[in-house]
Every structure is written in structure tokens, then in C-alpha cells.
1. Quick one: count up the residues across region 35-89 that are within 15 Å of the chain's Cα centre (by Cα) and not basic (K, R).
2. Scan region 73-93 residue by residue and report those that are open to solvent by 60 Å² or more (accessible area, probe 1.4 Å) and of a type outside the set (D, E).
Amino acid sequence: MASSVELRKAEQLRIQKAELERKNHIMQKLGDEIVRLRELHDMKQAELGRRVGVVQSYIWQIENGNREPVLSVLSRIADVFDLPLSTLVAVCD
């Protein structure tokens, strides 16, 4: 039988795993929205990166859910597409 310490540790690990999965899901949704907007505006990753002030690989990482962008970058991405930041991140709900 597992001790109470082992049970608490197992529960903490389960919670951490669920939080990580949720974060990954949110980052992928955000990335998908940025791809959608970029393609709607017939823009390449390199062009978006240049306009935002980051390298193309940073945009690729965001779009593929591999990078959590800082707020200032998200704000500049929203500006490029003439959107309020709240509209850009609303897809994450």
C-alpha cells in the first residue's frame, strides 16, 4: 500500500502533467492562429519576423507550439495584423 507521501507526490505529478498538456494545447492553438493570420495576409515567416523584430526561426517555433512568446512579441504580432492583443490571444480560451 502506498504511503500518504507517495500518494501526494503522485497527485502532484498528475497535476503537473495536466498543466503541461494544457499549456502545450494553448501554445499550439496560438501558433495555429498566427499561421492562419499570416497566410491570410499572404506573408512568409521571414516577413513576419522582420516586421516583429525577431528571426524567422522564432516565428517557426511559436507557430509550431515549441516556444512560449513573450508578451512584447505577441503585442507586436497583433500590431502587424492590426488586431488588439486580446483578439489574438482569445483563441487560447
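The values are calculated or read from the model by the stated rules, or taken from the named source; none is laboratory data. Note that this is a predicted model, so its numbers are computed, not measured. Ligands, DNA and RNA are excluded from the accessible area calculation, which covers all protein heavy atoms including side chains. Shrake-Rupley method; radii C 1.70, N 1.55, O 1.52, S 1.80 Å.
1. 27
2. If the condition is that a residue be open to solvent by 60 Å² or more (accessible area, probe 1.4 Å) and of a type outside the set (D, E), then R76, P84, S86, T87 are the ones that fit.
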